[in-house]
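Data first, discussion second: the structure below is written as structure tokens.
Bear in mind that the values in this text are calculations on the coordinates, not laboratory data. Quantities reported herein were computed from a predicted structural model and do not represent experimental measurements. Glycine also receives a Cβ, built like all others from the backbone with ideal geometry; neighbour counts cover every protein chain displayed.
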Amino acid sequence: MNQTSAGANPDSGAKTGQFEYALASFIPFRDLDAARRVRAITKADFTRHRNPEFKIRIIEEANDFYLEFALDIVRRIQEKRERGEKFIGIFPVGPMPQYRLAARMINELRLSCRHVHSFNMDEYADENGNTAPPDWEGSFQKAMMDNFFSQIAPDLRPADSQIHFPTRQCLPDYQSMIEDLGGADVCYGGIGWCGHIAFWEAHLGLEFGGDLKAFKQAGPRLVELHPMTIMQNALHSFGGDWSWVPPKANTIGPRQILGARHRSFWLDGYLGGGVSWQRFIARLVAHGPVTPLVPGSILQEAPGSYAVLGPVAEEVRIRMA
């Protein structure tokens with residue numbers, strides 16, 4: 001007669017330690033098999049992708065990560081300057097260290113940025129769609145001016161009329177403002193906890209019913225922030241205070257990101273102590289299905305670069321200690 005340990009059910013067929021459950025209801029992406037598959041991707045395999053034009057790389061050290069980000073910005077500005085052409089760039093607010101580095105390089109090189117036209121990806125808004133004023137401490141306008149443009153020597157920086165933000169006033173014309181200049185040369189960005197690009201949130205994908213073509217044509221709009229975005233931004237920008245994070249934002253759409261001639265995305269979501277909120281979503285965006293429910297996944301189908309900080313690329317594991 002076979003013996004089992006006390007309390008075990010020999011007919012259950014379950015493996016030791018197995019525990020099956022559904023995803024939380026507020027998460028739009030529901031494909032558990034895909035989630036398990038990308039979760040299992042090792043750091044050694046992280047940079048391998050079926051699209052050779054979607055170039056994934058790992059930069060181990062934070063100092064090198066931000067330096068390379070700054071160099072990318074300055075190189076593109078300089079190349080356009082040398083050709084006598086306008087530079088049109090779409091910029092995110094976070095991470096921020098690269099902007100001060102880029103400004104320092106621009107000043108040292110005496111590189112004129114009079115040909116630069118800057119479009120920020122997004123800006124916070126209140127529940128009625130009123131965007132944050134430029135002097136509010138949490139505003140993206142203030143962050144960009146304080147950390148980048150005001151750091152550039154006055155005779156080198158772009159004219160104020162060439163520095164754009166998707167405020168309530170500008171939002172209706174934001175798409176045409178970019179396209180009338182010939183489209184963006186580059187779209188810089190990161191990936192949000194829910195898979196967003198800019199503030200184009202995961203739950204917005206539900207509106208498209210799986211129509212990826214229509215999703216890719218979506219443009220700037222006012223959005224309700226996803227709960228994961230509220231928590232993410234509370235964590236890294238508002239001292240952990242989720243009551244301080246505005247409920248909405250104006251944002252560019254997939255059309256502007258895919259319409260740029262190049263995409264340069266930078267993932268640095270590491271909190272220290274071995275903890276990264278970005279390890280799983282970095283994998284899902286880069287290696288999961290291309291779907292409106294994971295907005296950043298559209299990057300897989302276009303030429304671009306995807307730089308990941310070393311600790312973010314580490315394996316996804318449960319940490320209980």
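Checked against (1) under 17 Å from residue 34 (Cβ atoms); (2) part of a strand (DSSP E or B); (3) aliphatic (A, V, I, L, M), residue 316 meets all criteria but (2). For the range 148-173, filtered to residues that are part of a loop (DSSP other than H, G, I, E, B), touching a residue at least 40 places away in the same chain (Cβ under 8 Å) and in contact with a strand residue (DSSP E or B) (Cβ under 7 Å, 6 or more places away or on another chain), the residue that is farthest from residue 103 (Cα to Cα) is 168. Only residues that are touching a strand residue (DSSP E or B) at 6+ places or on another chain (Cβ under 6 Å) and either of a type in the set (Ser, Thr, Tyr) or over 16 Å from residue 90 (Cα atoms) (or both) were counted across the range 120-147, and they come to 5.
Here's the yes/no breakdown for (1) among the charged types (D, E, K, R); (2) at negative phi; (3) over 27 Å from the mean Cα position of the chain (by Cα):
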residue: 75; (1), (2), (3): yes, yes, no
residue: 79; (1), (2), (3): yes, yes, no
residue: 84; (1), (2), (3): no, no, yes
residue: 88; (1), (2), (3): no, yes, no
residue: 94; (1), (2), (3): no, yes, no
residue: 100; (1), (2), (3): yes, yes, no
residue: 106; (1), (2), (3): no, yes, no
residue: 111; (1), (2), (3): no, yes, yes
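The set of residues in the range 25-40 that are more than 12 Å from residue 287 (Cβ to Cβ), part of a helix (DSSP H, G or I) and either touching a residue at least 40 places away in the same chain (Cβ under 8 Å) or of a type in the set (A, V, I, L, M) (or both) contains only 32. For the range 215-251, a residue qualifies if it is closer than 27 Å to residue 177 by Cα and of a type in the set (A, V, I, L, M), and the qualifying residues are 218, 222, 223, 225, 249.
Looking across the range 120-137, just one residue is assigned to a loop (DSSP other than H, G, I, E, B), in contact with a helix residue (DSSP H, G or I) (Cβ under 7 Å, 6 or more places away or on another chain) and surrounded by 14 or more Cβ atoms within 10 Å (Cβ to Cβ), and that is 134. Listed by position, the strands (runs of 3 or more DSSP E) contained in the range 189-300 that have at least 1 residues being buried (at least 18 other Cβ atoms within 10 Å of the Cβ) and of a type in the set (Val, Ile, Thr) are 221-224, 248-251.
Return the residue satisfying two criteria in turn: it lies in the range 94-119 and is in contact with a strand residue (DSSP E or B) (Cβ under 9 Å, 6 or more places away or on another chain) and either basic (Lys, Arg) or not in a loop (DSSP other than H, G, I, E, B) (or both), and of such residues it is surrounded by the fewest Cβ atoms within 10 Å (Cβ to Cβ).
Filtering the range 94-119 for residues in contact with a strand residue (DSSP E or B) (Cβ under 9 Å, 6 or more places away or on another chain) gives 95, 98-99, 113, 115-119.
This time we only want the ones that are either basic (Lys, Arg) or not in a loop (DSSP other than H, G, I, E, B) (or both), so: 98-99, 116-119.
Details: 98: 23, 99: 23, 116: 25, 117: 21, 118: 18, 119: 23.
Applying the filter and picking the extreme gives 118.
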